[in-house]
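> Take a look at the following structure, please.
The values are calculated or read from the model by the stated rules, or taken from the named source; none is laboratory data. The model shown is predicted, which means the values in this text are computed figures rather than measured ones. Ideal geometry is used to build each Cβ from the backbone, glycine not excepted, and the neighbour counts take in all protein chains shown.
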Amino acid sequence: MIEVQELRKVYPGGVEAVKGIDFEVAPGEIFGLLGPNGAGKSTTIGMLTTTIRPSGGTARVGGFDVAESPLAARRVSSVVFQEAVVDRTLSGRANLELHARLWRVAPRVARERIAELSGALGIAELLDRPVGGYSGGERRRLEIARSLVSEPRVVFLDEPTVGLDPRIRHELLEVIGRLSSGSDLTILLTTHYLDEAERLCDRVAVMHEGRIVALDRPQRLRHALGRELVELRVRDDLPATLAVLRAHGIAAEDAFAVGSTLTLPLRDVSAGEAIATINDLGVASAISAREPTLDDVYLRLTGDRLAPAA
Amino acid sequence: MTALAPLATLSRRRFQLTARTPRELLVPLVTPMLFALVIAPALKEALHTGAAYEAFVAVGTVGLLVPLNTMFSGLGVIVDRENGAQRELLAAPVPRAFLVLGNLTVALAVTAFQIVALILFALARGIHFNASAAGVGWFTAAAVLFAIGMYGTAETLANRVPKQEEYIARVPAIAIVPWFLAGALFPITALPGFLTWVARFLPLTHGLALMRYGLLGDASGLEHIWRMSNATAMAALSLGVVAVFAAALTAVSIRVFARAALR
């Protein structure tokens, strides 16, 4: 449903925001682009939604090349933007009807879809009020409803929960999760929230400085780091400590460090054995064991922390 | 549904937004009302001129009304970009030119409403117009084409400047300065020689001369530009100038919008 090959974007001034990425998204799949601000996620969505001109490579949405057939690509897709993109002085219903007319939905079908979606998203009572009076969560629900009025084959969600309070964010994740279940709707979402990607996405591509540095199912990405890992705060010289731990079979090649914190994916030893050995060596001021997260995957791949816990 | 249905949808949206912002309709109407009801009679009194001068100024006021109104309409483009649904429209399966043309149709409709209001104020004030059906045609063509060109200017500027403040700061230079040079209050031959030449190149000068030819049957404005004797030929030439202005600025505005929208 989405095919991206060698896609590049160089902005005027020479900033290369996307450096030749490749991925495919199957019909009905929820695909996440994961990465911190500046990783190239929004630029990628911009190119797929034809609001940013690619500098190289190709991208197809619903079978249509975004550079050669932008109208056709836009006809089969919808976008929910990171920030509010609504006519605030108009009612919610007017915003939905506008989308329906622009996407050439027959009026009777549009009325039915608006009634159905506004009920499903819990905004039916608000529809005839100006959008300027909606809360952030209500407005985001309206925008999701709007993106679905035209029954698109692909929906792009650009940071759909950013700026929302935890309760609304939780509710919205449920809504998004329900969208594609039992349908062929393909969703491409960008996020820097790890839990969001793990919870929603069938597959994720981790982006860093314009490149995709990993692409797989969230669980498989995590399991690539082993079933457990140990995190320790190193007391003295980090390289020397790492060498000692390697010599004792605790640290492997995929150990990684951020500041004075060393993270050791465990494969051949248990967390208990590793902690006991580290304590005996006296090289750590603090030790803990836990399951790997996507944050660890990202750190391992890039040396940066992806995002604070949401 | 026809291929132009999305254009009608975009025009309807712009109209809904405009109708919810009464200042867009009313503020530009204040100035011409002042001119028609207060300033033109006062000028007539102070300058000891006759009814013909009041009619001269009433038409000249159209030359201020059109730029002011179209520049106000251009503000809506910036509001759309900063706080509105412009990105949703850019993601819609409609040609980007329709977004500009949808705004243009509403700007034209609002401008037409205001010109009609101005003419009615003038008539109510006792100003006499001497217009034939053909004259109304010349007037309408000149007013519409000039308004299209001015909206193109406004849309272009709105897509070139990042903030409303910067846009508003440029409005006097675009909407008001040419009005003083284009023969709105006095014939362009009353200007210093080099400014008379400058005035001959302003689309507004041609537009006002045409409007006066159409509504007052006065071809002197056209003669001051072209120095010819055939009024119809001069009117056709001036209409050509205003048409080129309209076509060029519309093309430029669509191009600038599309380039600004597609980063």
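> Out of all the residues in region A:81-132, which are within 13 Å of another protein chain (Cβ to nearest Cβ), part of a loop (DSSP other than H, G, I, E, B) and of a type in the set (Gly, Ala, Ser)? Quick ask: steps written out before the conclusion?
The initial filter retains those residues of region A:81-132 that are within 13 Å of another protein chain (Cβ to nearest Cβ), namely A:81-107, A:109-110, A:130-132.
Now narrow it down to the ones that are part of a loop (DSSP other than H, G, I, E, B): A:81-90, A:103-106.
Within region A:81-132, A:Ala84, A:Ala106 qualify.
> For region A:31-48, name all the residues that are assigned to a helix (DSSP H, G or I) and either in contact with a Ser or Thr (Cβ under 8 Å, 6 or more places away or on another chain) or within 13 Å of A:Gln5 (Cα to Cα) (or both).
A:Lys41, A:Ser42, A:Thr44, A:Ile45, A:Met47, A:Leu48
> Looking only at region A:49-77, count every residue that is within 7 Å of chain B (Cβ to nearest Cβ) and outside any loop (DSSP other than H, G, I, E, B) and tell me the total. Before the answer, list the steps.
Going residue by residue through region A:49-77, those that are within 7 Å of chain B (Cβ to nearest Cβ) are A:49, A:51-53, A:71, A:74-75.
With the extra rule that they be outside any loop (DSSP other than H, G, I, E, B), the set shrinks to A:71, A:74-75.
Summing the residues that are within 7 Å of chain B (Cβ to nearest Cβ) and outside any loop (DSSP other than H, G, I, E, B) in region A:49-77 gives 3.
> Across region B:55-84, what is the total count of residues that are surrounded by 24 or more Cβ atoms within 10 Å (Cβ to Cβ) and either polar (S, T, N, Q) or facing another protein chain (nearest Cβ under 10 Å) (or both)?
The total comes to 4.
> Being buried (at least 21 other Cβ atoms within 10 Å of the Cβ) and either more than 14 Å from chain B (Cβ to nearest Cβ) or among the acidic types (Asp, Glu) (or both) is the filter here, so list the residues in region A:7-24 that pass it. Can you show your working first?
Initially, region A:7-24 is screened for residues buried (at least 21 other Cβ atoms within 10 Å of the Cβ), giving A:7, A:9, A:17-18, A:21.
Across region A:7-24, the qualifying residues are A:Leu7, A:Ile21.
> Would you please name the residue that is farthest from the other protein chains (Cβ to nearest Cβ), looking only at residues in region B:88-100 that are crowded, with 19+ Cβ neighbours inside 10 Å and assigned to a helix (DSSP H, G or I)? Working first, answer last.
Step one: list which residues in region B:88-100 are crowded, with 19+ Cβ neighbours inside 10 Å, which gives B:88-92, B:94, B:96, B:98-100.
Subset that is assigned to a helix (DSSP H, G or I): B:88-90, B:96, B:98-100.
On the way: B:Glu88: 5, B:Leu89: 7, B:Leu90: 5, B:Arg96: 9, B:Phe98: 9, B:Leu99: 10, B:Val100: 15 Å.
Checked region B:88-100; the qualifying residue farthest from the other protein chains (Cβ to nearest Cβ) is B:Val100.
> For B:Phe56, state whether it is in contact (Cβ under 8 Å) with a residue 60 or more places away in the chain, touching a helix residue (DSSP H, G or I) at 6+ places or on another chain (Cβ under 6 Å), of a type outside the set (Lys, Arg) and part of a helix (DSSP H, G or I). Break it down into steps so the answer makes sense when it comes.
Working: in contact (Cβ under 8 Å) with a residue 60 or more places away in the chain: yes; touching a helix residue (DSSP H, G or I) at 6+ places or on another chain (Cβ under 6 Å): no; of a type outside the set (Lys, Arg): yes; part of a helix (DSSP H, G or I): yes.
No, not satisfied.
> Checking A:Gly177 against (1) surrounded by fewer than 20 Cβ atoms within 10 Å (Cβ to Cβ); (2) at pLDDT 85 or above; (3) in a helix (DSSP H, G or I), which test does it fail?
(2)
> From A:Glu198, A:Glu273, which residue is at pLDDT 80 or above and out of contact with any helix residue (DSSP H, G or I) (no Cβ under 8 Å at 6 or more places or on another chain)? Quick ask: steps written out before the conclusion?
Working: A:Glu198 fails: out of contact with any helix residue (DSSP H, G or I) (no Cβ under 8 Å at 6 or more places or on another chain).
Answer to the check: A:Glu273.
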